[in-house]
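Colleague: The structure's right below; bear with me while I get my questions together.
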Amino acid sequence: MKINEIIVVEGKDDTTRVKMAVECDTIETNGSAINNETIEAIQHAAEVRGVIVLTDPDYPGNKIRKTIEQRVPTVKHAFIDADIACNKRGKVGIEHAPVEAIRDALLSVSSPFEHDSETVSKALLVDLGLIMGPHAATKRKDLCRHLRIGYCNGKQLFHRLNAFGITEADVLDALNLEYKESPNGNE
């Protein structure tokens with residue numbers, strides 16, 4: 001499978017692993033200390049071919065995503081679950097992910113919306129036990145895996161669901177709940 005967009009990864013080992021999964025070109029950030037030269041390369045790549053960010057499913061990987069998205073808002077995102085991208089010693093990284101998981105993640109690319117719109121309310125997330133409450137972290141983990149948006153804490157979940165235009169119906173469906181239209185006819 002050949003990917004037209006340029007894949008942004010953190011390092012050489014990630015590039016090696018991604019190229020086992022797909023035929024592509026990569027840009028390496030060399031970890032979370034992403035410099036202006038790398039950002040400029042990503043901006044140019046986004047203009048010419050498009051960019052998919054595939055960073056490690058951990059705090060530094062999410063920080064890199066945010067840095068890139070702030071400077072290059074047109075990037076697309078591919079996510080791999082931390083449980084899948086883990087070696088036997090518990091180290092998390094794209095370089096440890098199965099080739100099939102990388103391929104699936106790149107096929108399930110997400111693009112954030114250009115404008116801020118609230119598609120999911122915080123109240124719903126609280127009511128569903130995704131923010132606060134017993135087992136909230138486990139529920140969020142399952143939801144994020146199903147929606148392929150990468151794991152997030154409660155605050156990040158609210159922002160990420162809205163950034164990707166995921167609706168309340170999508171959340172309920174992902175949680176295997178029957179979506180019922182509200183009495184006033186709005187979703």
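Colleague: What is the dipole size for the range 6-108, taken about its Cα centre, with +1 at each Lys and Arg Cβ and -1 at each Asp and Glu Cβ, in debye to the nearest 20? Could you put the intermediate results ahead of the total?
Modeller: Values: 13 positive and 17 negative charges, 31 e Å.
So the dipole magnitude of the range 6-108 works out to roughly 160 debye.
Colleague: Which residue, TYR59, ILE27, THR38, has the largest displacement toward the positive end of the dipole of the range 6-108 when charges sit on each Cβ (Lys, Arg +1; Asp, Glu -1)?
Modeller: TYR59
Colleague: Can you tell me the accessible area per residue over the chain, all protein chains present, probe 1.4 angstrom, in square angstrom?
Modeller: Values: 10380 Å² over 187 residues.
Result: 56 Å² of accessible area for each residue.
Colleague: List the residues whose amide H sits under 5 Å from the amide H of VAL53, counting only those 5 or more places along or on another chain, with H placed 1.01 Å from N in the peptide plane.
Modeller: Answer set, sorted by chain and number: VAL8, LYS76, HIS77, ALA78.
Colleague: Packing-wise, with mean Cβ within 10 Å as the measure, how do 33-41, 101-109 rank, highest first?
Modeller: Values: 33-41: 13.1, 101-109: 18.3.
My ranking of the peptides, most packed first, is 101-109, 33-41.
Colleague: For ALA33 and ASN176 in the same chain, what is the full-extension length gain: residue separation times 0.36 nm, less their Cα-Cα distance, in nm? Walk me through the intermediate numbers first.
Modeller: On the way: separation 143, 0.36 × 143 = 51.48 nm, distance 4.00 nm.
Roughly 47.5 nm would be gained on extension.
Colleague: Report, in debye and to the nearest 20, how large the dipole of the chain comes out about its Cα centre when Lys and Arg carry +1 and Asp and Glu carry -1 on their Cβ.
Modeller: On the way: 23 positive and 29 negative charges, 116 e Å.
For this selection, approximately 560 debye.
Colleague: At 7 Å along Cα-to-Cβ for each site, give me the label-to-label distance between MET132 and GLN43 in nm.
Modeller: 4.2
Colleague: Can you pull the one-decimal nm distance between simple spin-label points at LYS66 and THR167, each 7 Å off the Cα toward Cβ?
Modeller: It is 3.0 nm.
Colleague: Next question. Under 1.5 on a/c is rounded, so check that first for the range 122-175, then, if it is not, pick prolate when a/b is larger than b/c and oblate when it is not; a ≥ b ≥ c are the square roots of the alpha carbon gyration tensor eigenvalues.
Modeller: Working: a/c = 1.33, a/b = 1.24, b/c = 1.07.
The shape class here is rounded.
Colleague: Can you compute the charge dipole magnitude of the range 122-175 about its Cα centre, using +1 on each Lys and Arg Cβ and -1 on each Asp and Glu Cβ, nothing else charged? Give it in debye, rounded to the nearest 20. Could the numbers behind the result be given before it?
Modeller: Numbers: 8 positive and 5 negative charges, 60 e Å.
Here the size comes out at about 280 debye.
Colleague: Which of these values of Cα Rg over 2.2 N^0.38 Å was calculated from the structure shown: (1) 2.42; (2) 1.06; (3) 1.15?
Modeller: The calculated read-out lines up with (2).
Colleague: As a test of the formula, what do you get for the chain when each DSSP H run with n ≥ 4 contributes -39,500 (n - 2.57) and the sum is divided by the residue count, at 222 nm and rounded to the nearest 500 deg cm²/dmol? Walk me through the numbers on the way to the answer.
Modeller: Numbers: 8 runs with 80 residues, N = 187.
Value at 222 nm, helices only, nearest 500: -12500 deg cm²/dmol.
Colleague: Shifting gears a bit: Using a 1.4 Å probe on the protein chains only, how many percent of the accessible area of the chain belongs to carbon and sulfur? Show your work: numbers first, answer last.
Modeller: Details: 5020 of 10380 Å².
Of all accessible area on the chain, carbon and sulfur atoms account for 48 percent.
The values are calculated or read from the model by the stated rules, or taken from the named source; none is laboratory data. Since the structure is predicted, the reported quantities are computational estimates derived from the model, not experimental observations. Please note: Cβ atoms are built from the backbone with ideal geometry, for glycine as well, and neighbour counts cover all protein chains shown. For accessibility, only protein heavy atoms count, side chains too; no ligands or nucleic acids. Shrake-Rupley method; radii C 1.70, N 1.55, O 1.52, S 1.80 Å.
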